[in-house]
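Asks: Questions regarding the structure given below will be posed in turn.
The values are calculated or read from the model by the stated rules, or taken from the named source; none is laboratory data. Just so it is clear, the structure is predicted and the values come from calculations on it, not from any experiment. Please note: Cβ atoms are built from the backbone with ideal geometry, for glycine as well, and neighbour counts cover all protein chains shown. SASA here: full protein model, heavy atoms, side chains in, ligands and nucleic acids out. Shrake-Rupley method; radii C 1.70, N 1.55, O 1.52, S 1.80 Å.
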Amino acid sequence: MNSAGKDSLGSNKVTDITSKAFCIIGNPIEHSLSPLMQNAAFTHMKLNYSYIAFRVPADELEEAVGSMRQIGISGFNVTIPHKVEIAKLLDKLSNEATLAGSVNTVNNEKGLLVGYNTDIDGIMEPLEKRKFNFEGLDVLILGAGGSCRATLVGLAKKKGINSISIFNRNQKRLNNVIQIGRGLGLKCTPYHLEDTDNLSKVSINSGLIFNTTSIGLGGEKSPIKSDFISKNATVFDIVYKPVNTDLIQNAKVAGAKVIFGYEMLLSQGYKAFEIWTGLEAPREVMKKALFGVFGEPS
């Protein structure tokens, strides 16, 4: 909305008084770089928008969503551990969010909270940029949460994948994602994360390895060691802080290709910005906000 008025000199001027508030919710949330990236984009596009981070424990999610409804939040991102549970609290889901049963981006559309899954873009765009060949591929996924679900939806769009092995501790979540994957036409096999023998056997024979868990966020060691990563593999860790997680370092030692978590962060962030604003995301501005003048880390 534009408001016309007069300045102190009596001349007409137009001032953009439209303001919108956005946020990201999760637990933990202190590590999030989304506010830095999105606020840089809003400033560059001369939008009077703001984006902040809120720590929301799992038992406070419903209350938090209710509060955001009350204040008329314009949109928000969702991260660990809320991506699956948030879907039950929204008014509507996009087709891809419905397929995944998980949401990482919410848009307020005329009072309705609509859930999207831009994690799918975040996961697939870095692979597509590399012209990745999926034919005959054996895939390993660590984790069975919202990011695993997004990975499965993205992979289901690709033809020729041979198998997908999913490792997780929580059996119920593991069974749920196996059902989602098989429902999408993928050949999925469940394994317990502590089944180290099978993890090693599957890992060394996998051409694409995903970590969709938070392992590495606190500096934890990866359950996948360098001895069990093929030099012909590509390893994608969605954890972006630190950049070089233990899994990424193990992949480098093995001579494998790596995809950093910040690549997913950027790609999903571009898409979220476009959903919220209807404008093309200023990609270079958002990237520079993360890395500054030194450019992308390696």
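Asks: Among the residues of the stretch 133-149, what is the count of those that are surrounded by fewer than 20 Cβ atoms within 10 Å (Cβ to Cβ), touching a residue at least 24 places away in the same chain (Cβ under 8 Å) and out of contact with any Ser or Thr (no Cβ under 7 Å at 6 or more places or on another chain)? I'd like the intermediate steps shown before the answer.
Replies: Quick first cut of the stretch 133-149, residues surrounded by fewer than 20 Cβ atoms within 10 Å (Cβ to Cβ) only: 133-138.
So of that shortlist, the ones also touching a residue at least 24 places away in the same chain (Cβ under 8 Å) come out as 134-138.
Now narrow it down to the ones that are out of contact with any Ser or Thr (no Cβ under 7 Å at 6 or more places or on another chain): 134-137.
Here the count works out to 4.
Asks: Here's another thing I want to ask about it. Suppose we filter ASN170, ASN162 for residues that are under 22 Å from LYS201 (Cα atoms), at pLDDT 95 or above, touching a Gly at 6+ places or on another chain (Cβ under 6 Å) and not hydrophobic (A, V, I, L, M, F, W, C); which single one remains? So that I can check it myself, show each step before the final result.
Replies: Numbers: ASN170 fails: touching a Gly at 6+ places or on another chain (Cβ under 6 Å).
Answer to the selection: ASN162.
Asks: Ok, one more. Looking only at the stretch 94-126, filter to residues that are buried (at least 20 other Cβ atoms within 10 Å of the Cβ) and aliphatic (A, V, I, L, M); which one of those is farthest from THR151 (Cα to Cα)?
Replies: Looking at the filtered set, the residue picked out is LEU113.
Asks: In addition: Listed residues GLU274, GLU284, GLU280; which is acidic (Asp, Glu), without any contact (Cβ under 8 Å) to a residue 40 or more places away in the chain, over 23 Å from PHE132 (Cα atoms) and part of a loop (DSSP other than H, G, I, E, B)? It would help to see each step written out before you state the result.
Replies: On the way: GLU274 fails: part of a loop (DSSP other than H, G, I, E, B); GLU284 fails: part of a loop (DSSP other than H, G, I, E, B).
Residue meeting the stated conditions: GLU280.
Asks: Can you tell me which of THR43, THR79 is of a type in the set (Val, Ile, Thr), open to solvent by 20 Å² or more (accessible area, probe 1.4 Å) and either out of contact with any strand residue (DSSP E or B) (no Cβ under 7 Å at 6 or more places or on another chain) or farther than 24 Å from ALA289 by Cα (or both)? Quick ask: steps written out before the conclusion?
Replies: Values: THR79 fails: either out of contact with any strand residue (DSSP E or B) (no Cβ under 7 Å at 6 or more places or on another chain) or farther than 24 Å from ALA289 by Cα (or both).
Residue meeting the stated conditions: THR43.
Asks: Spot the failing condition for ARG173; the list is (1) assigned to a loop (DSSP other than H, G, I, E, B); (2) basic (Lys, Arg); (3) surrounded by 13 or more Cβ atoms within 10 Å (Cβ to Cβ), and only one is missed.
Replies: Of everything listed in (1) assigned to a loop (DSSP other than H, G, I, E, B); (2) basic (Lys, Arg); (3) surrounded by 13 or more Cβ atoms within 10 Å (Cβ to Cβ), ARG173 misses just condition (1).
Asks: Within the set of pairs 6 or more residues apart or between chains, which connect a residue that is within 20 Å of VAL114 (Cα to Cα) and in contact (Cβ under 8 Å) with a residue 12 or more places away in the chain inside the stretch 47-65 to a residue that is open to solvent by 40 Å² or more (accessible area, probe 1.4 Å) and small (Gly, Ala, Ser) with Cβ atoms less than 9 Å apart?
Replies: Listed by first residue and then by second, the contacts come to TYR49/SER19; TYR49/ALA21; SER50/SER19; SER50/ALA21; TYR51/ALA21; ILE52/ALA21.
Asks: Moving on. Taking the condition of being over 12 Å from SER230 (Cβ atoms) and not in a strand (DSSP E or B), how many residues in the stretch 202-213 meet it? Give the derivation first.
Replies: Restricting attention to the stretch 202-213, the residues satisfying the condition of being over 12 Å from SER230 (Cβ atoms) are 210-213.
From what's left, not in a strand (DSSP E or B): 212-213.
So the count comes out to 2.
Asks: Starting from residues that are surrounded by 19 or more Cβ atoms within 10 Å (Cβ to Cβ) and more than 22 Å from the chain's Cα centre (by Cα), keep the ones in the stretch 194-231 and report whichever is nearest to ASN168 (Cα to Cα).
Replies: By that ranking, first place goes to LEU199.
Asks: Another question, if that's okay. Of the conditions (1) part of a strand (DSSP E or B); (2) over 21 Å from LEU137 (Cα atoms), PRO190 clears all except one; give me its number.
Replies: Going through (1) part of a strand (DSSP E or B); (2) over 21 Å from LEU137 (Cα atoms) one by one, PRO190 breaks only (2).
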